[in-house]
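The structure appears right after this line, and notes come after that.
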C-alpha cells in the first residue's frame, strides 16, 4: 500500500443566523469527531454482544486566532452561541472530490467558547466546540 503526504489547508465556513463567514484565514486547526451512539441489540440466545447505530453525536472543535471588533472572530462566535449553526469543512479547498470530501454539520450547537485567552507576548488563540447536528459527507 502506498503512502501519501497530506498537508492540511482546510476551509471552514460557519453559518449562524443566516450569516455565513469563512473562518479559514483565522483557523489553525479543526477536528471533526463524527460519532453515532452505540446501542446494544443483544438478544436471548446470542453468543456475543451485538450493537447497532443510534443517533449522531458529533463534535467539531475549531482552534482560531482571536480578534475583536465587528465581523471578527470573537463577535462571529458570540453570534453563533445559542443558535443553530451550520459548519461546512473541507480538508483542502472548496472543490469537493474523493480526495477532498466536504463535511457539512447542520443544526450544530456552539457548546463552549473561550472568548478571552491572553498570554503576554503570544497571539491570542481560542477554541470553539460545537456539539450535535447532522453530519453529511459529499464528494461530488
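If only residues of the range 117-140 that are touching a residue at least 12 places away in the same chain (Cβ under 8 Å) and in a loop (DSSP other than H, G, I, E, B) are counted, the one that is farthest from the chain's Cα centre (by Cα) is 123. Kindly indicate the residue of the range 84-116 that is within 25 Å of residue 6 (Cα to Cα), without any contact (Cβ under 8 Å) to a residue 60 or more places away in the chain and within 15 Å of the chain's Cα centre (by Cα) and also surrounded by the fewest Cβ atoms within 10 Å (Cβ to Cβ) among those meeting that condition. The extreme case among them is 101. Counting only strands (runs of 3 or more DSSP E) that sit wholly inside the range 49-101, those with at least 1 residues that are within 15 Å of residue 12 (Cβ to Cβ) are 59-65, 85-90. Of all residues in the range 4-14, those satisfying the criterion of being under 14 Å from residue 63 (Cβ atoms) and assigned to a loop (DSSP other than H, G, I, E, B) are 8, 10. Here the range 38-48 is the region considered, the condition is being assigned to a loop (DSSP other than H, G, I, E, B) and surrounded by 10 or more Cβ atoms within 10 Å (Cβ to Cβ), and the residue that is farthest from the chain's Cα centre (by Cα) is 42. Checked against the criterion of being touching a residue at least 12 places away in the same chain (Cβ under 8 Å), in a loop (DSSP other than H, G, I, E, B) and surrounded by fewer than 13 Cβ atoms within 10 Å (Cβ to Cβ), the range 15-28 has at least one qualifying residue. If you go through the range 53-68 one residue at a time, do you hit one that is without any contact (Cβ under 8 Å) to a residue 24 or more places away in the chain, exposed (fewer than 13 other Cβ atoms within 10 Å of the Cβ) and out of contact with any strand residue (DSSP E or B) (no Cβ under 8 Å at 6 or more places or on another chain)? Scanning the range 53-68 turns up at least one residue that is without any contact (Cβ under 8 Å) to a residue 24 or more places away in the chain, exposed (fewer than 13 other Cβ atoms within 10 Å of the Cβ) and out of contact with any strand residue (DSSP E or B) (no Cβ under 8 Å at 6 or more places or on another chain).
Here, each number is a calculation from the coordinates, and none is a lab measurement. These numbers were taken from a predicted model, which means no experiment stands behind them. A quick note on method: Cβ atoms are made from the backbone with ideal geometry, for glycine too, and the neighbour counts reach across all protein chains shown.
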